[in-house]
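Notes to accompany the following structure.
The values are calculated or read from the model by the stated rules, or taken from the named source; none is laboratory data. All values reported here derive from a predicted model rather than from experimental measurement. Cβ atoms come from the backbone with ideal geometry, glycine included; neighbour counts cover every protein chain shown.
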């Protein structure tokens, strides 16, 4: 007979990645999601002797994870993108606001941490759509229980009665919270936009983006951008809207002779790059993670997370060997 630990691991491990995604949707931070996931499994192990199988193990774990997220949210501020702080600039020469590292910024979610090629394509598509940065950012604007109600009902398709039991609310209260949450998201047009999900198209545009950046080819980069493209760069509050503004910013402030090396990756269901900058020591140093949202065959949004500590989440080194 297997030991309790072995049986617990057998029953709960298959749900670890999807629970991490759930915690990320709720918290907007990959690092926080990892911490709460560990807390979830600790709580589950302690409660395992009393688990009677009245619900599936998956449902039981989601209950524990959601409660752990709600507890974590009691002492943390909502995660933001620069677009949540003010309006976009259309002037590429506008002085950049000072970085605000004290702000709890939204973080990208590495695809490598939450999915495998063996999963059902429909499951992958749903996960990608529900972890898009614009959608997760809109979730962060909701009160914690509204956020939980919307995720449980609309993403996970839980019955209203089960959500009410978990949140310790009446079904009527859950439906009311859900209605308010849906209305808020409906007003957030960015969270409702269709983003192209085509591996071939993504790979082609990503390859062109990498080449344009590494060769400082502004014309090639500009050709990849939609007319209404947006650029956000947390922790810098300033953000830009429009092809002229974004291309102008890159041309005047980014493609200025600094050597760069870009490593393709994926985050939040979208193509992404890890950007390294050449330094005087001849090595490449971590600079930013850029997530690209593609719509109608062009780049609609660039999220450039200027935080080298994120590279560890993508299993990437902070420094690459000396360049040739």
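Among the residues of the stretch 152-164, just one is surrounded by fewer than 14 Cβ atoms within 10 Å (Cβ to Cβ) and part of a helix (DSSP H, G or I), namely 161.
When you scan the stretch 71-98, how many residues do you find that are more than 19 Å from the chain's Cα centre (by Cα) and surrounded by 15 or more Cβ atoms within 10 Å (Cβ to Cβ)?
In the first step, residues of the stretch 71-98 are kept if they are more than 19 Å from the chain's Cα centre (by Cα); the result is 71, 74-75, 86-98.
Keeping just the survivors that are surrounded by 15 or more Cβ atoms within 10 Å (Cβ to Cβ) gives 88-89, 92, 97.
Of the residues in that region, 4 qualify.
The set of residues in the stretch 198-214 that are at pLDDT 95 or above and out of contact with any strand residue (DSSP E or B) (no Cβ under 7 Å at 6 or more places or on another chain) comprises 207, 208, 211, 212. Report yes if some residue within the stretch 303-316 is closer than 22 Å to residue 85 by Cα, touching a strand residue (DSSP E or B) at 6+ places or on another chain (Cβ under 8 Å) and crowded, with 22+ Cβ neighbours inside 10 Å; otherwise report no. So far as the stretch 303-316 goes, yes, one or more of its residues are closer than 22 Å to residue 85 by Cα, touching a strand residue (DSSP E or B) at 6+ places or on another chain (Cβ under 8 Å) and crowded, with 22+ Cβ neighbours inside 10 Å. Determine which single condition residue 194 fails, assuming it passes every other condition in (1) modelled with pLDDT under 95; (2) part of a helix (DSSP H, G or I); (3) within 22 Å of the chain's Cα centre (by Cα). So residue 194 meets the others, but not (2).
The conditions of being within 26 Å of residue 265 (Cβ to Cβ) and assigned to a loop (DSSP other than H, G, I, E, B) are not met by residue 54. Restricting the stretch 167-176 to residues that are surrounded by fewer than 19 Cβ atoms within 10 Å (Cβ to Cβ) and in contact (Cβ under 8 Å) with a residue 12 or more places away in the chain leaves a set whose member that is nearest to residue 59 (Cα to Cα) is 169. Restricted to the stretch 218-304, the set of strands (runs of 3 or more DSSP E) holding at least 1 residues that are more than 16 Å from the chain's Cα centre (by Cα) and free of Cβ contacts under 8 Å to residues at least 24 places away in the same chain comprises 225-233, 270-278. Restricting 66, 40, 59 to residues that are in a helix (DSSP H, G or I), surrounded by 17 or more Cβ atoms within 10 Å (Cβ to Cβ) and in contact (Cβ under 8 Å) with a residue 40 or more places away in the chain narrows the list to 66.
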